[in-house]
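The values are calculated or read from the model by the stated rules, or taken from the named source; none is laboratory data. Just so it is clear, the structure is predicted and the values come from calculations on it, not from any experiment. Glycine gets a Cβ as well: all are built from the backbone with ideal geometry, and neighbour counts include every protein chain shown. These accessible areas exclude ligands, DNA and RNA; they are computed on the full protein's heavy atoms, side chains included. Shrake-Rupley method; radii C 1.70, N 1.55, O 1.52, S 1.80 Å.
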Amino acid sequence: MVIRLRIILAMIVFLFCGTLTAQKIFTTGIPSSIYMVPLSVAVGDFNNDGAFDVAVTGQNDLDGSGQLSILYGRGDGGFKNKIDLLTDKYAVDVHAVDLDNDGLLDLVTANKDAQTLNIFMNQKSGGFKTKDPIKVKGEPRFVSSGDFNKDGRLDLVVVVGNELHFFKGSNYKYTGSISLESTPVAIRAGDFSGSGISHVLVRFADNASVDLVAPNDLSSKMTAGIIKLDMSTTPYFARLGYINEDDFPDAVRLGAGGKSVIAQLSSANGLLLTEQEVIPVEQGTNDFVVGDFNKDGKDDIGVMDPANLQILIYLNESPGSPVNKNTSDMKMAVLYDADFEKPNTVNMGMLAAYKNASMIIYDPSGNATRTYFEFDADLPEGQQFALEWNGTDANDAKVPDGTYVFYYRLGSIVVARILKK
């Protein structure tokens, strides 16, 4: 195994030690009525006109039916028109993905009460064509996609209770399930290892552990390798975007209780979070999207407002002109709460499919205080390890009191937590 030092710039942007910005970045939200109780939202350019659109699912406010609305963006933060499609009751999650590789984003909804999935295929002639519903063995809560068997087709993964159900690409027939220790509250799927095979990140409501699930096959007897990523406090899945004028990716996440959306910015060198803006939202918000809604090269935030049956677009007014966006290989960020009452412990795993991993503690200036390891080679299969930082540097000398960043990278997944010495 080859060990070499490399300071990774991509992800110390996702820290919780920053100060609040002196100047607001985002405007007051621009409202667009949707005439239903929104349950989930996805973003994408669904008609390939260069302007970002949103797809919203929920319960129709007039007749109680399941509804999927696509709001087509004007390119200035507003929407020019929308189309409404029926879903089975009720679409509690929507996922945007190009299922047939035709360059158009399709939509998949998870319909809890009906115990089905709906697939809406985007048409080059305009609009969406509805496929026959896919029956699910139980109540689906979340849906995502990935190539879990490396056959070049996108498969679907669905949360049902405390299980992940898999549906094979092309015909989307149920192939098997994997049981988890607890009930998920969010999933993200993707090729995080760069191996061509997708894995699933799972977050839970009742513990600080995030599971990384690697299915071994797609069959009725399927099994999976599962490792845990745990930094002792509450984890959040962040959406990535380019908020300010530098070319380092920033992070956006929900605040506790769905009462705010928090934008966390990288500094000019990408190593240290220097600013953050908290956007108050209606309590009960559980979903948001990040995208450039006014075509100025900087990402904005779209937030569901269930209390007022609307979508709010918060336009980005950060100063300066956007530069070329960094082609970072980062695909997923897991941010842990800066709870200084909890010990400075981590419990991390590794999987053989990944080719690199690193664990580094950074000081407030962005310098590496202690490097535990940096692997750039095949990793051991299913290894789990735990450690606690005792406030020392690489020479076991005590470091000054203050806040530091505990940072773990596995492939294109980054996990970070601010801790206190």
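See the values below:
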{"item": "Residue match in the range 84-98 (condition: under 19 Å from V289 (Cβ atoms), in contact (Cβ under 8 Å) with a residue 24 or more places away in the chain and aromatic (F, W, Y))", "result": "no"}
{"item": "Qualifying residue in the range 181-191 (condition: farther than 30 Å from Y408 by Cβ, outside any loop (DSSP other than H, G, I, E, B), touching a strand residue (DSSP E or B) at 6+ places or on another chain (Cβ under 7 Å) and open to solvent by 10 Å² or more (accessible area, probe 1.4 Å))", "result": "no"}
{"item": "First in the range 199-218 and part of a loop (DSSP other than H, G, I, E, B), second anywhere and crowded, with 20+ Cβ neighbours inside 10 Å and of a type in the set (F, W, Y), Cβ under 7 Å, 6 or more apart", "result": "L218/F148; L218/F166"}
{"item": "Any strands (runs of 3 or more DSSP E) falling wholly within the range 64-113 and containing at least 2 residues that are open to solvent by 10 Å² or more (accessible area, probe 1.4 Å) and over 30 Å from D147 (Cα atoms)", "result": "79-87"}
{"item": "Some residue of the range 225-242 being part of a strand (DSSP E or B), at pLDDT below 95, over 24 Å from Y407 (Cα atoms) and out of contact with any Gly (no Cβ under 8 Å at 6 or more places or on another chain)", "result": "no"}
{"item": "Residue that is surrounded by the fewest Cβ atoms within 10 Å (Cβ to Cβ), among those in the range 380-414 that are over 31 Å from the mean Cα position of the chain (by Cα) and outside any loop (DSSP other than H, G, I, E, B)", "result": "K398"}
{"item": "Condition met for A352 (surrounded by 15 or more Cβ atoms within 10 Å (Cβ to Cβ) and assigned to a loop (DSSP other than H, G, I, E, B))", "result": "yes"}
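Each row is one residue, and each column tells you yes or no for (1) of a type in the set (K, R); (2) within 30 Å of N294 (Cα to Cα); (3) buried (at least 20 other Cβ atoms within 10 Å of the Cβ).
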| residue | (1), (2), (3) |
| --- | --- |
| S195 | no, no, no |
| R203 | yes, no, yes |
| S209 | no, no, no |
| M231 | no, no, yes |
| P235 | no, no, yes |
